[in-house]
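The values are calculated or read from the model by the stated rules, or taken from the named source; none is laboratory data. Please read all numbers here as calculations on a predicted model, not as lab measurements. Note that each Cβ is placed from the backbone with ideal geometry, even for glycine, and that neighbours are counted across all protein chains shown. Surface accessibility is based on the protein's heavy atoms, side chains included, excluding ligands, DNA and RNA. Shrake-Rupley method; radii C 1.70, N 1.55, O 1.52, S 1.80 Å.
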Amino acid sequence: VQASIPEPQREAWARNHHKAFQTKEDFEKEVVRHVETTLARSMFNCDESAAYSATGLAFRDRLVTRWNQTQQRQTFIDSKRVYYLSLEFLMGRALDNAMLNANLKDVAKAGLDDLGFRIEDIIEQENDAALGNGGLGRLAACFLDSLATLNYPAWGYGLRYRYGIFKQEIIDGYQVEVPDYWLDFNPWEFPRHDVTVDIQFFGHVHKMTDKNGKPFCHWEAGETVQAVAYDMPIPGYDTPSTNNLRLWSSKAASGEFDFQKFNSGDYESSVGDQQRAETISAVLYPNDNLERGKELRLKQQYFWVAASLYDIVRRFKKSKRTWKEFPDLVAIQLNDTHPTLAIVELQRILVDLERLSWDEAWDIVTSTFGYTNHTVLPEALEKWPVTLMQNLLPRHLQIIYDINLFFLQAVEKRFPQDRDLLSRVSIIEESQPKMVRMAFLAVVGSHKVNGVAELHSDLIKTTIFKDFVEIYGPDKFTNVTNAITPRRWLHQANPRLSDLIASKLGGYDFLKDLTQLSQLELSLNDKAFRKEWAEIKYANKVRLAKYIKATTDVSVNPTALFDVQVKRIHEYKRQQLNIFGVIHRYLTLKAMSPEERKKQQPRVSIFGGKAAPGYWMAKHIIHLVNNVGSVVNKDEDIGDLLKVIFLEDYNVSKAEMIIPASDLSEHISTAGTEASGTSNMKFVLNGGLIIGTCDGANIEITREIGENNIFLFGNLAEDVEDLRHAHTYGSHTLDPELLAVFSEIQKGTFGAPHDFEALISAVRDHGDYYLVSDDFHSYIETQALVDESYRNQEDWVTKTITSVARMGFFSSDRCINEYAEEIWNIEPLQVGSEFPRLKKQ
Ligand code: GLS
């Protein structure tokens, strides 16, 4: 079959090459064409949703041409590629990002205006691509943006969930989950019905011999499911480089349904097979920092990993290189342990299918993979029952046992007689039931392991992977501190601030080299600049205040201090500490005379975030926040001095509005529990200050921006263990101010006390694992310091400008360059003349 066009006819193709629009007139033509043909509508029934779809399609067409060129070039140059395997990509909206990255937002704005639409309304039409839970998934999205911007040859691989993270509704103060069916019409994806892979499950393993008498294993599977590729083009900023995010969708391998069953009258079960297959990619597990060991989750993991590896190997084979060269062309990064089975799958492909020797194969495997750890929380560390793995993936379990055997033999050789060490590091936990420890498998099968902030990378070396540091030496372990893309989190989320910065720095180059922000310190005394800086913050607060009024019917005063905590709700992130602090503030205000009250700093406490549907403590916290809000917000003694808001359904697009409006944000996890945190960086980059613990990336933020520009409080990570021990075995006295808060709750001031008993008793009766009481006083005092600082607005503005100027380190471009150099060993593609650079607007 002829795959490409013969030479003589190629001229006709070249002549008709799709030309990406560049002008307003051409953009309008594209939009109208899509409305009238793709969408089969006209100017008489084109609503905002249709206008969004057509605009999205116009930009997608543009991206796809560039995507094709990028891929052709990468194949032609035959350079090493990195594959980022992540079960979550929290992309948010694509249109605004695509317009800005192409420097064509003004063109689109003018064009849409001509056609009768406001660009802001069109952007608002888009559903978030919410294929992730929180920081881990959003980090993957920031990384894709940087990989494309820096011209690295890179692909993302993930699952195309039909339902992303649920939508959160608040009904009578309680969280209610609503399914997020986001795919109704998604102009950003390309179904590739020609790119399919059959994925196997269950069955048996047979020992066979080949024609040369060599033994090998044959896996005869019991079930086959088909993976279909859907591609999302990922634009880089100010470059034609367009990378690919390939998401796999599952369907029954036999086509629509089993006709034999159907013809024999078993209609239901023939449709059932189809549905069972489709279930695999149906829904994102809504847990952040928690693994619940469900069989379907393991199926998802293998389905995705096997399809991705098949694809990667197929691409490698086209290069006609020898297997030994595989790691010279392929780097695979494991985003957490979720894709760890890829290690086993590659070993299986090389040994069982390609018939390499075990050792040859294992060398290739371990040179290919890198593993990023994102948490030390014990409940988040993945372990799978051996019996479950045996049933679902019988050959993979055998290979895991062999990997473990050879690993333990090597350990035994170096540390003879240390039985204890062997059982501590074994990939198989000899528990009842036996478990496969995925993090250990990931460490053993990778050449580099990294944590995501300095403290966290140190912690993994002294806790969960301590023995592995002994075994492999310290060089296998490294740190790459997380970061964020300034394109989305400054330029897109806060255009006025981005423009103001550009006016001082002589253009937008800082978006590609964030260290240039440091020059802002030269403008600290520029009055007009400072005024504009403060006005932008105020305007962002006014916008948020309007949104709060529209969604909660509470009026907040935009001159008050906006204090924001938005992130997943989790006990370790300590939203309970925040709300207890708010109650303390309320009681203090209530006890004051009207005269005294007048001297107090008004505040709006804003919360937002989702709780995992089965996480009761987190749900109690949401309930308490809402109930406190409904009491405080209508208390006439208090008025504007304190408002408490819970914003429903926190997601990426809401973050883009909320973050630029914050004066203060809270990153107050128990020290040693938050691996990095990344929203802390987004808030500071948008001219907000932080109240936080010495945890995760807060520490490095402090180092960069200076201690005077951050409000730190609380116990240090190194003291946490001792404090917990003392709670359990010593006398545990609680903070008296916190006890006063508890008694107010128990009086029923904020609704039936019974509803909040579990929250109180976790602190009072169950050892206060998260050290809420230990840190309470320090927290309250530091909040008082914040009030005082905020009063001095000149000083506050100086702090925020200085902080922004010092945030250069936290661009995900820096982060990706570190991965590229230290872990992947890849080079960016040179963007040459045949692949012209975009001109600046
Ligand atoms: C997380 C950590 O909890 C965050 O601290 C971190 O910023 C993020 C990205 O590295 O990864 N791990 C996790 O399971 N969910 C996260 O958000």
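Could you tell me which of rounded, prolate or oblate describes segment 1-157, using a ≥ b ≥ c as the square roots of the eigenvalues of the alpha-carbon gyration tensor, with rounded for a/c under 1.5 and, failing that, prolate when a/b is larger than b/c and oblate otherwise? Here segment 1-157 falls in the oblate category. For the charge dipole of segment 786-831, defined by +1 on Lys and Arg C-beta atoms and -1 on Asp and Glu C-beta atoms about the Cα centroid, which residue among S789, S812, P828 has the Cα displaced farthest towards the positive pole? It is S789.
From the alpha carbon centroid of segment 656-735 to that of segment 378-413 is 37 Å. Model label sites at R355 and Q601, defined 7 Å from Cα along the beta-carbon direction, differ in position by 7.4 nm. For D475, the accessible surface of its heavy atoms amounts to roughly 120 Å² (probe 1.4 Å, protein chains only, rounded to the nearest 10).
So what does log10 I(q)/I(0) come out to for segment 7-84 at q = 0.14 Å⁻¹, using the Debye formula with one equal point on every Cα and no solvent? Debye output, listed in q order: -0.64. Across segment 633-661, the residues whose backbone nitrogen lies under 19 Å from the label position 7 Å along the beta-carbon direction of N557 are 633-645. Could you state, as a whole-number percent, how many of the C-alpha pairs of segment 731-779 are farther apart than 14 Å? Percent of Cα pairs beyond 14 Å in segment 731-779: 49. Per residue, the chain exposes an accessible area of 41 Å² to a 1.4 Å probe, with every protein chain left in place. Expressed per residue, the C-alpha convex hull volume of segment 689-841 stands at 233 Å³.
With Cα atoms as the point set, the radius of gyration and Dmax of segment 566-629 evaluate to 14.0, 46 Å.
Under the combined filter of DSSP loop state and at most 13 neighbouring Cβ atoms within 10 Å, segment 75-132 retains these trypsin sites (Lys or Arg not before Pro): R118.
Computed over the chain, relative contact order equals 13 percent, with contacts defined as Cα pairs under 8 Å that lie 6+ residues apart.
Taking the charge dipole of segment 119-211 about its Cα centre, with +1 at Lys and Arg Cβ atoms and -1 at Asp and Glu Cβ atoms, the residue from I199, N151, G173 reaching farthest to the positive side is I199. Share of pairwise Cα-Cα distances greater than 14 Å in segment 173-236 is 76 percent (whole percent). Surface composition of segment 461-608: carbon and sulfur atoms hold 53% of the protein heavy-atom accessible area at a 1.4 Å probe. Among 724-732, 487-495, 420-428, the peptide with the highest mean count of other Cβ atoms within 10 Å heads the list, and the full ranking is 487-495, 420-428, 724-732. In this label model, T23 and A550 are separated by 3.6 nm, measuring between points 7 Å along each Cα→Cβ vector.
With the cut-off at under 15 Å, measuring from each backbone N in segment 538-563 to a point 7 Å along the Cα-to-Cβ line of E124 picks out 543-552. Among the chymotrypsin sites (Phe, Trp or Tyr not before Pro) found in segment 20-54, those both in a DSSP coil and sparsely packed, with 10 or fewer other Cβ atoms within 10 Å of their Cβ, are F44. Accessible area of L290 (1.4 Å probe, protein heavy atoms only, ligands and nucleic acids ignored): about 60 Å². Using the charge dipole of segment 696-817 (Lys, Arg: +1 at Cβ; Asp, Glu: -1 at Cβ; taken about the Cα centre), state which of A726, V763, Y779 has its Cα farthest towards the positive end. Of the listed residues, the answer is Y779. Measuring with a 1.4 angstrom probe and ignoring ligands and nucleic acids, T733 comes out at about 120 Å² accessible. Taking the Cα centre of segment 703-783 as reference, the dipole from Cβ charges on Lys and Arg (+1) and Asp and Glu (-1) amounts to some 240 debye.
Modelled label positions at D637 and L183, each set 7 Å beyond Cα in the direction of Cβ, lie 5.5 nm from each other.
Out of every Cα-Cα pair in segment 524-619, what percent are more than 22 Å apart? Here the tail beyond 22 Å accounts for 50 percent of pairs. Once segment 550-589 is represented by equal point scatterers at the alpha-carbon sites, with solvent omitted, what log10 I(q)/I(0) does the Debye formula produce at q = 0.16 Å⁻¹? The Debye formula, applied to the Cα set alone, gives -0.59.
Counting only Cβ charges, +1 for Lys and Arg and -1 for Asp and Glu, the dipole size of segment 695-841 around its Cα centre is about 780 debye. Kirkwood radius, segment 227-311, all distinct C-alpha pairs, inverse of mean reciprocal distance: 15.4 Å.
A helix-only calculation puts the chain at -14000 deg cm²/dmol for mean residue ellipticity at 222 nm, using -39500 (n - 2.57) for each DSSP H run of at least four residues, averaged over all residues. Across segment 135-191, C-alpha contacts under 8 Å between residues 6 or more apart give a mean separation that, scaled by the residue count, equals a relative contact order of 22 percent.
Computed over the Cα atoms of segment 610-676, pair by distinct pair, the Kirkwood hydrodynamic radius stands at 14.4 angstrom.
The charge dipole of the chain, taken about the Cα centre with unit charges on the Cβ atoms of Lys, Arg (+1) and Asp, Glu (-1), comes to about 1840 debye, rounded to the nearest 20. Seen from every direction in turn and averaged, the convex hull around the alpha carbons of the chain projects onto 40.7 nm². Electrostatic tally near V469: other residues with Cβ closer than 9 Å to its Cβ, Lys and Arg +1, Asp and Glu -1, net +1. Note on R703 and Y729: the extension gain reaches 5.8 nm, defined as 0.36 nm multiplied by sequence separation minus the Cα-Cα distance.
Loop-located trypsin sites (Lys or Arg not before Pro) across segment 742-841 with a Cβ neighbour count of 10 or fewer within 10 Å are K839, K840, with loop assigned by DSSP. Residues K476, K29, ordered by accessible area of protein heavy atoms at a 1.4 angstrom probe radius and largest first, appear as K29, K476.
Distance between the C-alpha centers of segment 29-73 and segment 114-141? Whole Å please. Answer, in whole Å: 17.
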